[in-house]
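> First, the structure itself, so that you have it in front of you.
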Amino acid sequence: MLFKKLGPRQLRAAADIANVRYFKAGQAIYRQGDAGTDFYVLGKGEVELFLTRKNGTQSVVGRIAPGGHFGETSLLTGKPHSLGARAVGESTLICFDQLLFEQALLSDNTIYQQMNLALAERLRVAFQDQADTIDTVSKRVVQDPEFENFLNITTSPREDGNGDVKPSNVARRTQAVSKKFAANLNPVLLTGEKGTGKKFLAKQIHQQSNYAEKPYIEIELRDFTEEQIPEKLFGTPQGTIPFAQARQSGIFEQFSPGTVVLMHAELLSFPLQQKILRALEDGFFKRTGGEEELPLQTRLILVSDRDLASLEKEDIFLPHFLETLEKQHYRVPSLREHKRDIPRLIDYFLERYSREYGKSISTVSADTMGLLMNYDWPGNLPELQSVIQRAVMLAQSNEILSGQIILGLPKTEGKWEFNILRIPGVKNFLKSHIFPVVPRFVVGLVILATLTALFWGPAESGRNIGITMSWAIGWPLLFFSFFFLARTWCSVCTLAVPGKLMQSMFKPEKPTPQFIKKYSGWIMAILCIGVLWVELAWDAYTSPLLTASIILAVSAGSLIFSIFYKRRVWCRYLCPLGAINAIFAMPSVLELRANRHFCLNRCREHVCYRGDEDQAGCPMFRHPFLVDNNRDCIMCAECVKGCDNSSIHLNLRLTPEELWDLNTPRRADAFLVVSLGAIFFPFALHGEFSTMIATLFNYLPSAFSSLPMPLLKSIFIFCIIALFQLGYVIMVALVARYGEIERKSLKPMLAYGFIPLILGCYLAVHFELFMHDAWRIWPNLLELLGIKASYEPHRILSEDSTAVLQTITVCGGMLASFYAIYRIMARFKGRSAFSSETLVLPYSFMVFLGGLSIYLV
């Protein structure tokens, strides 16, 4: 290529002064650090340029094909070679010593221009991809001293006063598997839950193998699109400028020989799986779009959070590809499967963080150890690490006590937020005794007046102020508060006041039963659906006594459970109003969170969670440090009052990240969300619901016509709920299948993406209800005062204006759900989610639901 534009005479002159040399495969042409003596043009074969780091490991940064040239940089700068060069196969080189290079080649204007062009390309490549080649490689292979300490502690016996305690069977089996896999260079598949130590095991396999001194890299496939991954791994063909190949070398070339770990291997496309499989079987590979065969000298370790059964059942891997990986597959056990190792892991983390924070903590108390051993650790090793780190920060002696253990995973801090506690008036109001006492007192008076009117007011619903306060004003305002104030309603709700009074008298000490804790989500979902069912089937909007009964039933539940159990068990685990509030508060513009750095580094007492003599603890049994969603916080401001470090933030936010970043998605929440979506349609029909049911059942056998209307409504409501649940299951199955996503993980998570749309639909309906019926409060009040009043309808806002605002509300919820679903898919699929077919079904359903909602409202 350098001599491409030379004429015959110039070519003969260059050939006369050249020196031809022959190199065998693997033979060094020159080494990194050698002085430059010659300029090389490759006539036949292939040459690779490689970087040798201080620890002795090497990485290939480029390959030279026939016609390419190299070695000129050292001659031009007078400095040693920054890279080494060796022949890949038998190669023929045309060499020019430094004198001939300067006097003969550089003096030729044509060759000089070609040389400048090559050097410019080389400089551009060096700047453009420096971080993606040499720097990134260097950082990835640095040894981690903590890794060695971790392996020593977790695999060696532990002395605990009762003698020598050996590692668990699981730990010994893991070590045996590591040695077995390290003894060969065949591909390895590691599966298991997040945080089980799969990356630790991959690195251990590498360090126990013959490649221990070779490069090691972990590639996070979620950082690349489906189109970028093949080029990242295999590279691309050489361009017109020979040294451009340095940028186009793939990971398999740069880390040859070495170990490449592919994180989230389930994201590999079928064509890429086929290409990797062919390379493993043949022992060589081709660059993406190229024909040249390159030797595969890379050990491949694939890591996935999926289990082997789901990888096979959901056809995420090609059968032959999976068959190859199964030969060396290991499911890394979760921490709860080898709790016997927890004491030695605690020892390791105690030593590590004691050293880091300048303390000398060496033990945990017996009750603390029991607490840690009885916990199931859903977050596995990262969660245990986080818990011990916080405990070390809180400890004031050389022993960890149970009060210093805060179980759970801390939230990640979000963006696009404004802490309104920066406003002195807001902060002073929430820290004062006014909140929530005064708002709760006002709400209590309103509820008491409403119940009085419902029981002793007019039987005609339109003239009963209790009905107006309940369904035309109270219920709509409640839904509006879900969006604007999150779960603040739960903090000012007085339905639990009777229970709280009884609790102060009986002072119960019983903890919440495990059954209630375990099935809380399902219980609340069923009770919530039950309340809405009674409301719709028996038309509570026209029945003062039924409306009063619903209100008193909620209060009675709180009363009964407050007598037997401490704190607010009913509010936290059972209340149906709390269930719907919790779900619809998740997309709220308001959130309460804690600054995790302040909690770790400044706080020692954690009064916000545990409470003290003057301050109640969190009624939701949740440390603010661990709150990552509005579902688990009732905005009572007890933590604001108890925190002296200004750690608590009350944020106005733009994006409800909890919808896609939730650490603990629940199937019960998904069931409730889908059910609320189904119930919306009879709810939107409101007064026309009975007419529609009568018309619908007229087309069915005559036996149905004799059934009472509440029963007919009930049949319709539960049928539409069942239909929506079935549709959701089918949609999840299809999305999981075609998107290559684990169905078990997708099913509870996907429903959260629909919450903004469903909330928008409910807000639109209640907005119309408020504008259409709230005017009745005035004639109702006049009648209470003995003044004759007119009940001629008066809308607060015109129908056209209301319709516009309803459409905006539904469309806003739809757009928010579009984004939430996209982010949920990105959580599973990485950056390729936007172009994936996985979005088609959820988006289609949202368009259908949103369009039908706009039509109905």
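> Which entries of K339/K566; K44/K214; K194/K359; K232/K286 have Cα-Cα distances beyond 21 Å here?
K339/K566; K44/K214; K194/K359
> With a probe of 1.4 Å, find how much accessible area the range 623-685 has per residue, and write the answer as a whole number in Å².
Details: 1630 Å² over 63 residues.
Counting only protein heavy atoms, the per-residue value for the range 623-685 is 26 Å².
> For the range 28-69, just say rounded, prolate or oblate: build the C-alpha gyration tensor, square-root its eigenvalues into a ≥ b ≥ c, call rounded for a/c under 1.5, and beyond that prolate if a/b exceeds b/c, oblate if not.
Details: a/c = 3.23, a/b = 1.54, b/c = 2.10.
In terms of gyration-tensor shape, oblate.
> What are the membrane-span-like helices in the chain by this rule: whole DSSP H runs, Cα extent along the axis at least 20 Å, mean Kyte-Doolittle hydropathy at least 1.0? All intermediate terms of the calculation are to be shown ahead of the outcome.
Numbers: long enough: 109-128 (28 Å, -0.09); 342-357 (22 Å, -0.68); 380-394 (22 Å, 0.47); 434-456 (32 Å, 2.03); 520-537 (25 Å, 1.91); 544-564 (31 Å, 2.02); 667-685 (28 Å, 1.68); 709-739 (44 Å, 1.82); 755-773 (27 Å, 1.24); 799-829 (44 Å, 0.58); 840-856 (24 Å, 1.71).
Sorted by number, the helices that extend far enough and score high enough are 434-456, 520-537, 544-564, 667-685, 709-739, 755-773, 840-856.
> Efficiency by 1/(1 + (r/R0)^6): what FRET value for H320 and E291, r their Cβ-Cβ distance, R0 = 30 Å, to the nearest 0.05? Intermediate values should be presented prior to the final figure.
Numbers: r = 24 Å, r/R0 = 0.79.
Computed FRET efficiency for H320 and E291 comes out at 0.80.
> What net charge is computed for the residues neighbouring S360, neighbours being all others with C-beta under 15 Å from the C-beta of S360, Lys and Arg scored +1, Asp and Glu -1? All intermediate terms of the calculation are to be shown ahead of the outcome.
Values: positive: R352, R355, K359; negative: D347, E351, E356, E399.
Here the charged neighbours net out to -1.
> Run the numbers for T691 and S362: contour at 0.36 nm per residue of separation, minus the present Cα-Cα distance, in nm. Could the numbers behind the result be given before it?
Working: separation 329, 0.36 × 329 = 118.44 nm, distance 7.29 nm.
Stretched out fully, the T691 to S362 stretch lengthens by 111.2 nm.
> Percent of alpha carbon pairs in the range 280-335 separated by more than 14 Å?
Values: 1006 of 1540 pairs.
Result: 65 percent of Cα pairs exceed 14 Å.
> I would also like to ask the following. Which residue, chosen from A556, P513, Q228, occupies the Cα position most advanced towards the positive end of the dipole of the chain, where the dipole is computed from +1 (Lys, Arg) and -1 (Asp, Glu) charges on Cβ about the Cα centre?
So the residue we want is P513.
> List, in the order given, every pair from K199/K518; K510/K641; K431/K747 whose Cα-Cα distance in the structure shown is over 29 Å.
Values: K199/K518 32 Å; K510/K641 26 Å; K431/K747 40 Å.
Over 29 Å Cα-Cα: K199/K518; K431/K747.
> Here is a follow-up. Given points 7 Å out from each Cα along the Cα-Cβ axis, report the R743 to I560 separation in nanometres with one decimal.
3.8
> Taking Rh as the Kirkwood radius computed over C-alpha pairs, what is the Stokes-Einstein D of the range 223-343 at 20 °C in a medium of viscosity 1.002 mPa s, expressed in µm² per second? Don't skip to the end; give the middle numbers.
Working: Rh = 16.0 Å.
Translational diffusion coefficient: 134 µm²/s.
> So what's the net charge close to V732: Lys and Arg +1, Asp and Glu -1, counting the other residues with Cβ under 13 Å from its Cβ?
On the way: positive: R667, R737, R743, K744, K747; negative: E314, E742.
Within the 13 Å Cβ shell, the charges total +3.
> Can you compute the helix-only [θ] at 222 nm over the chain? Use -39500 (n - 2.57) per DSSP H run of at least 4 residues, normalise by all residues, nearest 500 deg cm²/dmol. Could you put the intermediate results ahead of the total?
On the way: 38 runs with 435 residues, N = 857.
Mean residue ellipticity at 222 nm (helix-derived): -15500 deg cm²/dmol.
> If each of L546 and I17 carries a label point 7 Å out from its Cα toward its Cβ, how far apart are those two points in nm?
Once both label points are built, they end up 10.4 nm from each other.
> Could I ask something else about it? Above 23 Å lies some portion of the pair distances; for the range 299-454, what is it as a whole percent of all C-alpha pairs? Walk me through the numbers before you get to the answer.
Values: 7873 of 12090 pairs.
Distances greater than 23 Å cover 65 percent of the Cα pairs.
> Would you mind counting up the charge near V640? Only other residues with Cβ under 10 Å from its Cβ, with Lys and Arg at +1 and Asp and Glu at -1.
Charge balance near V640 sits at +2.
> While we're on this one: Would you work out the relative contact order for the chain, in percent, from Cα pairs under 8 angstrom that are 6 or more residues apart? All intermediate terms of the calculation are to be shown ahead of the outcome.
Values: 1388 pairs, mean separation 83.4, N = 857.
Dividing the mean separation by the residue count of the chain yields 10 percent.
> Still on this structure, please answer the following. Contact order normalised by length for the range 461-586, with contacts defined as Cα pairs under 8 Å and 6 or more residues apart; what percent is it? Show your work: numbers first, answer last.
Details: 133 pairs, mean separation 53.0, N = 126.
The value is 42 percent.
> Just the number, please: carbon plus sulfur as a percent of the accessible area of the chain, 1.4 Å probe, no ligands or DNA/RNA counted.
Details: 23470 of 39310 Å².
That share works out to 60 percent.
> Compute and list, largest first, the equivalent-ellipsoid semi-axes of the chain from the alpha carbon gyration tensor, each √(5λ) rounded to a whole angstrom. Present the calculation step by step, with values, prior to reporting the outcome.
On the way: eigenvalues 851, 230, 125 Å².
They are 65, 34, 25 Å, listed largest first.
> Once R0 is set to 51 Å, what does the formula 1/(1 + (r/R0)^6) return for the Cβ-Cβ distance between R355 and S790, expressed as a FRET efficiency to the nearest 0.05?
Details: r = 80 Å, r/R0 = 1.57.
Efficiency, from the Cβ-Cβ distance: 0.05.
> Also: Given the convex hull over the Cα atoms of the range 436-522, what projected area results after averaging over all orientations, in nm²?
Numbers: hull surface 32.4 nm².
Averaged projected area of the range 436-522's Cα convex hull equals 8.1 nm².
The values are calculated or read from the model by the stated rules, or taken from the named source; none is laboratory data. Keep in mind that this is a model prediction, so the values were computed, not measured. Methodologically, a virtual Cβ is constructed for each residue, glycine included, from the backbone with ideal geometry; neighbour enumeration extends over all protein chains shown. What goes into the accessible areas is simple: the full protein's heavy atoms, side chains included, and nothing from ligands, DNA or RNA. Shrake-Rupley method; radii C 1.70, N 1.55, O 1.52, S 1.80 Å.
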